[in-house]
Structure formats: C-alpha cells, structure tokens
C-alpha cells in the first residue's frame, strides 16, 4: 500500500538515539559544574569537540557566504546554550524542560513561514500530544512560572530558529554533519572563551588535582556522546528530514531524561510523569509511522 510519509528508517533512529544520549547531558553537566563555571565548561566541551572534528571541517571548500551561514548556526547554538544555562538558574528544572519543549510548537510554524513547508496533520497532532506529555511530565499536573522563564522561552525560540536554519542550509548546500558540528562547536567555544576573558571572576583553573579527577570523565561523555554523536546526529537528521520531524523526535528528550533520572539518579517519577512520558513517546511514534496515501484511502473505501 502506498504511503504518504517515509517509513521509520536510520535517520529517525539516529534522532531518537541522539535524544536519549542528550537527555543524560543535564545530570552530567550538573556534576561538571561543581568544579568549573558554565563558560569554562563550554570552552572545554566544545573546544575539544571542534579539535577532534578538525579533519572534517578543515576539508570544507565553501564560498564565503556559506561559511558565514555556518558561523550563524554556531552563534545560534551559543545563544541557545547560554539562555538555557542562565535561565535554569532562575527557575525549576521542570519549568525549564517544559518551556524549552515549546520549540515543538514553534518549529512547525517557523518552518512553514520560513521554508514554505506546511506541517502535515499527523505532525501537528504529534507536536500537540508531545507538548501535553511534557506538561504532565514536568509539572505533575500543575504549572508555576518563575523568574527565568522568559529566558527559557527565548531559548525555545532560538532552538526553533536553529533547527529551521540548519534545514535551510542542508537544502541549499548539504554539508557533512560532522563538519557542521565541528564549525558550530568552534563558534561556541570561541564565544564562551570571550565571555571568560570579559566577565570578572569567570576564569578559573581546571588543573587542580581534585578538578582533574572529578571533571574529565563527565567532560569526556559530554564531548564524545552529547556533542560529537548527538549534535552530529541531529545535523545529519536535518539533511534527510524536515525540521518539524527532527523537533518531534528530539522531543523524546524530556521523557528519556526523566527515565534516566528515575533509574540512574534515584528521582521519583509519579503517575503524572509516567503518563507524560508515554504521551511523548507515543507522539514520536505517530510522527514517524507511515500513513496510507490519499489514493490508497480512497481505494479502501471503494467497493470491490
């Protein structure tokens, strides 16, 4: 039977796996921030990632305008990470996850307005169901806004713009995913390094024996797992899938994060949380399951 959407395939599986890996980054980052400030962690994490990916992005032969567009993507990633890190200091982690997940609603609208791609009905339903699941998962049935929520709302807008602009770049001139990740990581590292030099009291040594012992293992996971693999998989997904589909599959992240917290960190996940996690995963399945095409549906309705 012909279908109107591509079936679940390796780009979708990579996106779901990247959401699983990225969901562990919050707990690992929290552990690393006991030893270094935010800007220093960004310099180390993304600077090392960019160096490891240098063989990929140094081989790029692009016009100056494309280099500028890649730099803009890196700057948007830096803005998103900064807004998230500062915003989460002034609100609860639950509200942070909820507000960041507003990109599930913003991305289809931005892709429609910017790229002219109208979201399909299943994608629209999946976004709404996933957002409802995030509400249940993160607020336990209630919602209480706090000071940093405006910053996190801005981070959701920035993340949506990053997804749509990445898709636009891949449509205009496809770039290898790891090369794009290396350029973005380099821009983030340079921006964080500038912040270290400008902001008073931000520059702190990381070579103390206790810091080395407790920092480098989490840092290795953040570099190899959460940056090289997860960000690279998202960039690869943007090459083969719409920004809306990437956002919906990436929306599994709060559910995976809650499961990681419950199983690994000992956090309690109540009945509202389990219901929300089920809704998020169900929404992702709805977005990727192939649907019969219009002609096939008409054929099914016609008598033999």
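Throughout, read-outs are computed from the coordinates displayed, never taken from laboratory work. Fair warning: this is a prediction, and the values are worked out from it, not measured in the lab. All Cβ positions, even for glycine, are placed from backbone atoms using ideal geometry, and neighbour counts span all protein chains on display.
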- Query: What FRET efficiency would be calculated for the residue pair residue 60, residue 198, taking the C-beta separation as r and a Förster radius of 51 Å, to the nearest 0.05?
  - Reply: 0.95
- Task: Would you mind calculating the gained length between residue 33 and residue 118 on full extension (0.36 nm times residue separation, minus the Cα-Cα distance), in nm to one decimal?
- Result: 26.5 nm
- Message: Given points 7 Å out from each Cα along the Cα-Cβ axis, report the residue 90 to residue 172 separation in nanometres with one decimal.
- Response: 3.3 nm
- Task: Using packing as a proxy for protection, rank 179-188, 153-162 so that the peptide with the highest average count of other Cβ atoms within 10 Å comes first.
- Result: 179-188, 153-162
